[in-house]
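As structure tokens, the structure follows; a few thoughts come after it.
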Amino acid sequence: MEYSAEWNDLPKRERKKKMRELRAQEVTKGTLINKIRNWGIVLVVAVLLIGSIYYWSTNREVLPPTDMAGHIEQNPRSHVMDEPMSLSVQKHMLEHSDGKGQPGVIINYNCDDFECESSLKEKLTEIANKYPEFVYVAPYPAMSKKIAITRMRKIQTFDNLDTNALISFIEDK
């Protein structure tokens, strides 16, 4: 608080009044500074939170399921599909192919986001046809890999077709 020489000339009551006014101004300035600081902290935390969520959502891997949690008792129309197989049906096929047989194996491919050779689907179909009772092939455009093969609690992904590795995965019980 600043005192000037003219304060000494003021009556005691006026000096007290001026002192109260100065203290009130200091409290108001302090409160404003605290509010600005608090809102600044809230803003920084919010930006960090939003940035973290964005980073996580754009950098996480999206792969087909490897468990049966949330499955439905429904079978796909065929073992080789032109349309994506729903995740709940994929989970059911992992449990038991065709709803009654041994656990299934699913080969998913993503040619929407990756460059695929024109014969990829035919080559995957050939592999599936060697195991018609439990191997399925379907596109999976949301996947973050080009090819993924799954069975209960196991997954293997590929950037390019590796027929021997796919067959080895299928035959590995």
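The values are calculated or read from the model by the stated rules, or taken from the named source; none is laboratory data. These numbers were taken from a predicted model, which means no experiment stands behind them. Ideal geometry is used to build each Cβ from the backbone, glycine not excepted, and the neighbour counts take in all protein chains shown.
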### Subset of segment 131-158 [in contact (Cβ under 8 Å) with a residue 40 or more places away in the chain and of a type outside the set (A, V, I, L, M, F, W, C)]
P132, Y136, P139, Y140, P141, S144, K145, T150, R151, R153, K154, T157
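Residue-by-condition table, conditions (1) modelled with pLDDT of 75 or more; (2) out of contact with any strand residue (DSSP E or B) (no Cβ under 6 Å at 6 or more places or on another chain); (3) not polar (S, T, N, Q):
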{"position": "W7", "(1), (2), (3)": "no, yes, yes"}
{"position": "K16", "(1), (2), (3)": "yes, yes, yes"}
{"position": "K35", "(1), (2), (3)": "yes, yes, yes"}
{"position": "L49", "(1), (2), (3)": "yes, yes, yes"}
{"position": "Y54", "(1), (2), (3)": "yes, yes, yes"}
{"position": "T58", "(1), (2), (3)": "no, yes, no"}
{"position": "A69", "(1), (2), (3)": "yes, yes, yes"}
{"position": "E73", "(1), (2), (3)": "yes, yes, yes"}
### Message
Can you find a residue that is over 30 Å from F134 (Cβ atoms) and under 27 Å from the mean Cα position of the chain (by Cα) anywhere in segment 58-65?
### Response
yes
### Query
Regarding N34, is this residue exposed (fewer than 12 other Cβ atoms within 10 Å of the Cβ) and farther than 23 Å from Q156 by Cβ?
yes
